[in-house]
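The structure under discussion appears below in the form of structure tokens.
The values are calculated or read from the model by the stated rules, or taken from the named source; none is laboratory data. Predicted model, so just to flag it, every value in this text is computed and none were measured. Reconstructed Cβ throughout: ideal geometry from the backbone, glycine too, with neighbour counts over all protein chains shown. Ligands, DNA and RNA are stripped out before the accessible areas are found, and what is left, the full protein with its side chains, is counted by its heavy atoms. Shrake-Rupley method; radii C 1.70, N 1.55, O 1.52, S 1.80 Å.
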Amino acid sequence: MLHHRPSNLLLLLLSGGSLGVANGQVYGPLDCNANIDCTVSTPLSTLVNGAGGLDRVIVPCGQCAHVDYTAGETISLPLGLEVVGSLLFPPSSNVALNTTAIIVQGNLDIEPPAEGNEVKVILHGSEEQYLYPHDECNGGYDPSCSAKASVGKKPIVVAGGKVNIRGMDAAIDCPSWTRLDRKVSDTNLKIDPSFAACVKPGDDLLVTSDNTNWQDEMKRQVTAVNSTTGEITLDSAITRALPALTGPGEPEYAVEVARLSRSVVFTAVEDDPEGEHIGGHFMVFVTPDVVQVISGVHFDNFGQGGNLGRYPVHFHLCDNSNGSIVSKNVITNSNQRCVLIHGTNGVTVEDNVAWNTRGHCYATETGTEVNNIFKNNLGSHTMKLWFHNTQSDSLNFWTGKHTAATFWVRNMNNEWIGNVAAGSESLGWWIEMRELNGDQKTLEPISSFRDNVAHSNKVVGFGTYKQGWKPTNGGVLDNLHIYKNPDIGFKYHITGNIRVTNSLFADNGHHILSGVWNSPVTFENSVFDSMSQDRQLRQEITCPVATYKTAIKHAYNNDIASPLTFINATFANLKCGKNLFQFHNDDRGGGRSMGAPTRASGITLINVDENRKPHFNCDFGARDTFLEDVDGVLGPSSSTGSPGFIVRNVAWMLAFIPPESCSNIPYSGSDCSVYCEGTCLRQVSIQ
């Protein structure tokens with residue numbers, strides 16, 4: 001039955017014209033399925049033979065069918081499959097369906113295939129496909145129906161129906177990925193036995209990048225498994241040392257190991273004259289209040305480059321979808337994006353793996369989406385899109401910018417927990433808010449944004465540039481691990497009223513780079529390590545990442561109410577020319593004033609060369625700059641260790657300070673900076 005929903009969803013529908021949404025159409029369960037009884041079920045082969053290849057195969061409303069193909073045969077459905085009633089793939093199913101479309105208005109249930117079996121859907125064709133709403137199109141497939149809706153090429157579309165796809169046995173807890181315990185030899189890896197128990201000979205494994213190169217992940221095939229010890233044998237060698245939980249470096253940098261194989265496979269043929277970038281797509285289409293389960297599926301060659309709304313997994317304008325689950329799936333070779341939640345609330349996206357994908361990967365699309373959960377998802381080798389889709393991963397979007405984020409966050413009123421961006425061509429995480437002042441879902445006692453990782457991303461590990469984020473009631477990013485990003489670890493701009501707590505920054509070009517027009521940003525109880533033990537012991541590299549010569553680069557010409565503060569922070573391994581701190585002039589801020597002062601308290605320095613400590617060079621542009629050292633740790637070793645200020649050695653900065661309070665900082669270049677103890681500087685703005 002076609003339903004008409006409240007105005008909040010109708011407003012969302014106005015943005016969906018390109019996907020064929022018209023007249024406020026919203027799809028829901030069909031009345032003719034209300035009393036469906038599947039004790040009587042028709043074999044799918046009977047329906048296929050009845051269509052004879054000349055018509056769409058239809059499971060009628062109010063009736064049940066089951067897949068009875070068990071020998072691994074390939075069945076051709078040239079005009080598509082329409083599930084209006086109920087279709088079951090039992091564990092005995094072992095079949096490939098070669099078809100142009102699958103439309104679900106009823107119920108599609110795929111149970112975990114039995115050992116050795118595979119359920120495969122192969123989508124092909126270059127013609128536009130249509131949804132024919134059952135109650136509006138004379139009971140089904142009617143090409144002349146005016147209520148039909150375009151759903152694109154090579155679609156699997158759920159419209160009013162329900163999918164319960166369980167490609168893996170829920171009784172067996174098989175995580176999609178884990179971290180490497182130990183590299184035993186070039187062809188043997190040791191991992192958690194609970195993960196190894198789910199791996200079989202012939203499975204494909206992904207090992208993420210172990211360094212600053214976003215493309216250095218490795219794909220191997222398994223030849224043998226010892227589920228007791230957790231040891232896995234690979235078909236070809238991995239010759240370099242790998243970071244592991246057992247060392248030789250810190251366990252935090254252990255590479256991720258993911259299983260890329262599944263027994264339920266949705267794939268698409270490269271047969272479109274438009275190009276190889278037109279794969280299949282899976283969409284839950286304007287279907288509110290129906291719980292969907294999409295679990296344990298391998299989506300390969302899905303997504304359509306540049307065609308907005310054509311993604312591997314896409315919830316489109318479903319409003320309330322509480323209880324829906326997208327879990328334990330694998331998305332490979334995507335032509336556009338991975339899992340997109342658009343105009344939909346209440347979906348859990350958990351324990352999925354995406355590899356070799358284009359454009360933004362895991363995302364809420366417009367910023368209206370709330371109460372979704374993204375948890376323990378892994379993305380690796382996220383490439384630029386190289387097509388136009390009118391959004392921020394488009395080619396030449398914003399004066400030539402071309403970006404792709406493994407996690408694209410438009411609204412922080414969702415939960416992001418334990419996710420890993422492990423190698424993007426541009427950004428690992430991009431907070432591109434729809435509303436600059438949009439609040440985070442929860443701050444205390446547990447942050448709704450926690451335990452997330454960004455490593456091996458080419459340009460930025462975690463960024464808020466260029467839209468920014470200034471939550472009205474504050475934001476807390478807890479336990480971030482941002483490491484081995486060769487350019488920038490954490491980049492923020494037009495951002496503030498946030499705290500970054502209990503976090504780790506290591507082996508980045510810049511750990512932090514700030515732009516302008518910020519509000520207060522605080523880094524608390526965090527570590528900034530410019531040369532990890534992993535880098536020293538495993539990679540045998542004796543200097544920090546050399547892309548930039550500064551760990552923290554901060555724009556000085558910000559507003560007076562926008563301080564950068566470090567509380568209980570540890571800075572380690574600053575040598576080989578790597579400086580701890582650099583102020584820079586971001587000319588978009590205008591003027592030569594410092595803006596808000598930088599403040600540091602509870603600071604610990606480990607293996608930091610004396611001349612790497614903060615100071616101002618003689619050619620420094622700002623007139624009124626100082627840095628407050630609350631604990632007396634950041635000054636030169638010749639100081640008494642009392643609290644003080646690092647100040648430019650110019651008359652107007654020292655006019656009110658007793659001369660005996662200040663001593664030259666010898667490594668600032670011709671005594672361009674002084675360290676003033678036992679005094680207090682405060683900035684006053686007269687307007």
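Quick notes on this one:
- Candidates in segment 284-316 are the residues that are more than 21 Å from the chain's Cα centre (by Cα) and aliphatic (A, V, I, L, M); of these, the one that is most open to solvent (accessible area, probe 1.4 Å) is V291.
- Test: D109 is open to solvent by 30 Å² or more (accessible area, probe 1.4 Å), in a loop (DSSP other than H, G, I, E, B) and either touching a helix residue (DSSP H, G or I) at 6+ places or on another chain (Cβ under 7 Å) or over 30 Å from V207 (Cα atoms) (or both): no
- Matching entry among T287, T267, T332 (being within 19 Å of L131 (Cα to Cα) and either at pLDDT below 95 or of a type in the set (S, T, Y) (or both)): T287
- Among (1) open to solvent by 10 Å² or more (accessible area, probe 1.4 Å); (2) of a type outside the set (A, V, I, L, M); (3) in contact (Cβ under 8 Å) with a residue 60 or more places away in the chain; (4) part of a loop (DSSP other than H, G, I, E, B), the one test that C576 misses: (3)
- Against the conditions (1) modelled with pLDDT of 95 or more; (2) touching a helix residue (DSSP H, G or I) at 6+ places or on another chain (Cβ under 9 Å), P251 satisfies every one except (2).
- The set of residues in segment 474-491 that are on the phi < 0 side of the Ramachandran plot, touching a strand residue (DSSP E or B) at 6+ places or on another chain (Cβ under 9 Å) and surrounded by fewer than 23 Cβ atoms within 10 Å (Cβ to Cβ) comprises V476, D478, H481, D487.
- Residue in segment 602-616 that is out of contact with any Asp or Glu (no Cβ under 7 Å at 6 or more places or on another chain) and at pLDDT below 90 present: yes
- When G160, G125 are checked against the criterion of being outside any strand (DSSP E or B), open to solvent by less than 20 Å² (accessible area, probe 1.4 Å), modelled with pLDDT of 95 or more and out of contact with any Leu (no Cβ under 9 Å at 6 or more places or on another chain), G125 stands alone in meeting it.
- Test for S261: is it in contact with a Cys (Cβ under 9 Å, 6 or more places away or on another chain) and open to solvent by 10 Å² or more (accessible area, probe 1.4 Å): no
- Scope segment 613-624; condition surrounded by fewer than 24 Cβ atoms within 10 Å (Cβ to Cβ) and touching a helix residue (DSSP H, G or I) at 6+ places or on another chain (Cβ under 9 Å); matching residues: N617, C618, R623, D624
- Filtered by the rule that a residue be open to solvent by less than 10 Å² (accessible area, probe 1.4 Å) and assigned to a loop (DSSP other than H, G, I, E, B), segment 327-345 gives N329, S334, Q336, R337, C338.
- Any hit, segment 354-361, residues being in a loop (DSSP other than H, G, I, E, B), open to solvent by less than 30 Å² (accessible area, probe 1.4 Å), small (G, A, S) and under 16 Å from P288 (Cα atoms): no
- Index of the failed condition, S261 passing every other in (1) assigned to a loop (DSSP other than H, G, I, E, B); (2) out of contact with any Asp or Glu (no Cβ under 9 Å at 6 or more places or on another chain): (2)
- Any pair with Cβ under 8 angstrom, 6 or more apart, that starts in segment 249-262 at a residue that is polar (S, T, N, Q) and ends at one that is at pLDDT 95 or above: S261/K200; S261/G202; S261/D203; S261/D204; S261/H298; S261/V330
- Residues being open to solvent by less than 10 Å² (accessible area, probe 1.4 Å) and without any contact (Cβ under 8 Å) to a residue 40 or more places away in the chain - total across segment 464-473: 1
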